[in-house]
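Only one structure is covered here, and it is reproduced in the block below.
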Amino acid sequence: MSLLPVADALDRLLSAAQPTVRTETVSLRDAEGRVLAADLAARLTQPPFDNSAMDGYAVRHADIAELGSILKVVGTSSAGHAFEGTAGPGEAVRIFTGAPLPAFADTVLLQEDAERLEDGRIRTTFLTPEGRHIRPRGQDFSEGEVVLHAGDVLDPGRLTVAAAMNHAELTVYARPRIAVLATGDELVPPGTRPGASQIIASNTYGVSAIARKAGAEVIDLGIVEDDRQAILEAVRKALVLDIDVLVTLGGASVGDFDLVQPVLGEAGMALDFWRIAMRPGKPLMVGRLGAIQVVGLPGNPVSSLVCSLLFLEPLVRRLARLPGKSRLRSAVAAVPVRENDHRQDHIRARIDRGPAGELRVTPFDKQDSSMMKTFAQSEGLLVRLPHAPALEAGAACQVLLLREPAV
């Protein structure tokens, strides 16, 4: 089987993804980042009454038509405490921002445009236009008006208006459910003292973090040894968990102990594609078990993380109905970079900013896919397309950004 280009593999993976149709009702506090599943209409009018946009005095404009007009202050209107009295010609009401506008008033005179006199009187020092500094009832939205729509991602601004429309709960699309299964006789959980031939299982944590940040609910299926029956039993358990994606870690290659692909085939998986023209991460596997998409990630930690960023993250966002989010950024090479071969390369690199704010990329010397420390120290991955020519220092390039570099 020939190696599949990265772009083609991603297209095939996403084209088979069916966005979730499950919905659930969550509180406003738990709705950040979720996708609204139904149009949302206001349950009240906002503002519910004419109110003042500034601190000042509620007046009839006819009483302040001339500069130096003198008015008597007969009461106060503050937020939550409306003026309940009456005011005749030549009278004003002290008013504060957000306070209800008294029925007699048609203008708000700013407090800095009035000189306070003795005996509770004021004198105007500025000619204020009629109707100024008033927020009319319903200026923001009216009861029954649809303000948010199905498919809107609930960010801070949308959560704020949802609360203002008097909604304590919202109907959102359920998070896609991702089950992660690690395989390998050599693996033991963190916190365990490994034996002479064992290593700590680390891939689950980075892969799960990527999936969660992309919008998934993650189920950790633990570690299963390199045994056909044990893997098959773990897969069968996963199939009854109402999951959208099964992610396997390791065992998807062609070695004597790489049993994941044949066992998944025995369980009924239809293989879509396997082996990608990329480095690291060539043995990526994608298939389907009924309605469940299967993503088999390589066992090497860096390969697993790179494949998760390139494939699992966009898959989760598609399933969660979230908009696509590209990590690719334009940059310049800080040092010369050699030409590339037939596989798309993703080179761990330090990234800083040049004098004009441009991203400058300095690859690490060692790029072995088992080396996690350099991945943790990298701000991004220098992306080298197949057969890309050598780069000179200062040449344009692209990076897949892992985190924002320090300024």
Report task. Below 26 Å Cα-Cα, how many Lys pairs turn up in the chain? Only count pairs eight or more apart in sequence, or on different chains, if you could. Result -> 8
Query - Degrees separating the helix 6-15 axis from the principal Cα axis of the chain, which is the longest one - result: 60 degrees
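Taking R0 as 30 Å, what's the FRET efficiency between Leu67 and Gln139 from their Cβ-Cβ distance, rounded to 0.05? The partial results should precede the final answer.
Values: r = 29 Å, r/R0 = 0.98.
Taking R0 as 30 Å, the efficiency between Leu67 and Gln139 is 0.55.
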Report task. Hey, can you grab everything whose amide H is under 5 Å from the amide H of Thr183? Only 5+ residues off in sequence or another chain; H modelled, so Pro and N-termini drop out. Result -> Val224, Leu249
Requested in this report: Please give the helix 203-214 orientation as an angle from the longest Cα principal axis of the chain, in degrees from 0 to 90, rounded to the nearest 10.
Outcome: 30 degrees
Query raised in the report: Roughly how many nanometres apart are two label points built 7 Å out from the Cα toward the Cβ at Ser197 and Arg228?
Result: 2.0 nm
Query raised in the report: Nearest 10 degrees, 0 to 90: what angle lies between the long axis of helix 228-239 and the longest principal axis of the chain (Cα atoms)?
Result: 20 degrees
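Report, in debye and to the nearest 20, how large the dipole of the stretch 51-135 comes out about its Cα centre when Lys and Arg carry +1 and Asp and Glu carry -1 on their Cβ. Numbers along the way, then the final one.
Numbers: 8 positive and 12 negative charges, 27 e Å.
Charge dipole of the stretch 51-135: 120 debye, to the nearest 20.
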Report summary line: Taking the square root of 5λ for each eigenvalue of the C-alpha gyration tensor of the stretch 328-401, the equivalent ellipsoid has semi-axes, largest first and in whole angstrom, of 18, 16, 10
Query raised in the report: With springs only between Cα atoms under 10 Å, which of Ala356, Ala65, Ala333 fluctuates most in a Gaussian network model of the chain?
Result: Ala356
Query raised in the report: For the chain, what does -39500 (n - 2.57) per DSSP helix run (n ≥ 4), summed and divided by total residues, give at 222 nm, in deg cm²/dmol to the nearest 500?
Result: -5000 deg cm²/dmol
**Report entry** Debye log10 I(q)/I(0) for the stretch 53-134, one point scatterer per Cα, at q = 0.17, 0.22, 0.25, 0.27 Å⁻¹
**Finding:** -0.54, -0.95, -1.25, -1.47
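For the chain, what is the convex hull volume of the alpha-carbon atoms per residue, in Å³?
209 Å³
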Query raised in the report: For the chain, modelled as a GNM with alpha-carbon contacts under 10 angstrom, which of Asp244, Asp119, Asp258 fluctuates the most?
Result: Asp119
Query raised in the report: With springs only between Cα atoms under 10 Å, which of Ala230, Ala216, Ala82 fluctuates most in a Gaussian network model of the chain?
Result: Ala82
Report task. Sketch the reach of a paramagnetic label on Ala53 as a point 7 Å from Cα along Cα-to-Cβ, and name the residues of the stretch 109-148 whose backbone nitrogen lies under 19 Å away. Result -> 109-114, 126-142
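How do Glu84, Glu32 line up, fewest other C-beta atoms within 10 Å first? Write down the numbers at each step before the final one.
Details: Glu84 9, Glu32 13.
Neighbour counts put them in this order, fewest first: Glu84, Glu32.
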Report summary line: The exposure ranking of Met371, Met54, Met269, fewest beta-carbon neighbours within 10 Å first, is Met371, Met54, Met269
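Nearest 5 percent is fine: what portion of the DSSP beta bridges confined to the chain is antiparallel? Mind showing how you got there, number by number?
Numbers: 56 of 83 bridges.
Antiparallel bridges make up about 65 percent of those DSSP assigns within the chain.
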Query raised in the report: Asp272's amide H: which non-local residues (gap 5+, or another chain) put their own amide H closer than 5 Å, with H modeled 1.01 Å from N in plane and none for Pro or chain starts?
Result: Val286, Gly287, Arg288
Query raised in the report: How far is it, in nm, from the label point at Met372 to the one at Asp272 when both lie 7 Å from their Cα along the line to the Cβ?
Result: 2.8 nm
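Just rank Tyr173, Tyr205, fewest to most, by other beta-carbon atoms within 10 angstrom. Before the final figure, lay out each step's value.
Working: Tyr173 23, Tyr205 13.
If I rank by nearby Cβ atoms, fewest first, I get Tyr205, Tyr173.
None of the figures in this text is laboratory data; all of them are computed from the coordinates on show. Remember, predicted model here, so these are calculated numbers, not experimental data. For neighbour counting, all protein chains shown are included, and Cβ atoms are generated from backbone atoms with ideal geometry for every residue, glycine included.
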